[in-house]
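The structure under discussion appears below in the form of structure tokens.
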Amino acid sequence: MTTMQTREQEALNAYLKVLQSNGADDISLERHREFLLTIFPVIEEADFDSAAYRDAVEHALGRLDKREWPFGLAVAREYFHFWIKDFKSIAALNAEGGFNPNPVDWQPLDIDLKALWKMLDTAKFATAETWPLKAYTLALRQAGADKALVDARIKLVKILLIRLREAPEKSNRNYRIVVDATVPLLENREMRRVFFTVVREFYHFWMGDPDAASRIGSATGSTSFV
């Protein structure tokens, strides 16, 4: 076993141990293990950073049914902290109950991107949806974004908001589930990259963070791969 392989395996063992302590049974642990083993051949040769990890995950997801993407993205996001040995984030997530053995217990309805784009033509948004939309739009403009960029990002946000209506409650977890269920609908890697940037930024407006505008342009930190 090489040093790189040892790193991946050690991270996997630590991750599964945390899941088990949070109530994961043998079936759940095996499902997590099986997905992560599919990315090992790529990440064991990759640079030790978020960009290389992201590429490995996308490569693995490309071989799976798109209905499996939300689970794969959720697992890969959690495992990333173990892979980079970010013990501070692991401890914080564990304390907050962040390591759920069943990370995807519901999903928005299965729909294609063409249908979602069409829905935007007639969609009406409630006040609770309009406020963060307007605040995000203003923040983008104040950050120097041109009209074309703002319009494109707001369209992605509206798609997200439409799908969030199906969520059982407003929470960070359900926000992530909707994001992960929407990613496989996007047509290419570049669009997915933009979408991840948008949803990271918009999340703070959606949650009513008074400092949300300060997050614009800083949504690609090294502590997350998506």
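The values are calculated or read from the model by the stated rules, or taken from the named source; none is laboratory data. Values in this document were obtained by computation on a predicted structure and should not be read as measured data. Cβ coordinates were reconstructed from backbone atoms using ideal geometry, including for glycine residues, and neighbour counts include every protein chain displayed.
Key figures for this structure:
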| item | result |
| --- | --- |
| Residues (surrounded by fewer than 21 Cβ atoms within 10 Å (Cβ to Cβ) and of a type in the set (S, T, N, Q)) located in the range 169-204 | S171, N172, N174, N188, T197 |
| A213 at pLDDT below 95, in a helix (DSSP H, G or I), more than 18 Å from the chain's Cα centre (by Cα) and surrounded by fewer than 20 Cβ atoms within 10 Å (Cβ to Cβ) | yes |
| Residues that are small (G, A, S) and farther than 15 Å from E34 by Cα, drawn from the range 60-79 | G62 |
| Residue match in the range 75-82 (condition: surrounded by 15 or more Cβ atoms within 10 Å (Cβ to Cβ) and over 22 Å from R189 (Cα atoms)) | yes |
| Matching residues in the range 43-57 - criterion: being surrounded by fewer than 19 Cβ atoms within 10 Å (Cβ to Cβ) and either over 27 Å from E190 (Cβ atoms) or of a type outside the set (G, A, S) (or both) | E44, E45, D47, F48, D49, D55 |
| Candidates F40, F99 - the one that is within 19 Å of the chain's Cα centre (by Cα) and surrounded by 12 or more Cβ atoms within 10 Å (Cβ to Cβ) | F99 |
| A24 being outside any helix (DSSP H, G or I), surrounded by 14 or more Cβ atoms within 10 Å (Cβ to Cβ) and not assigned by TED's automatic domain parsing to the domain that holds Y175 | yes |
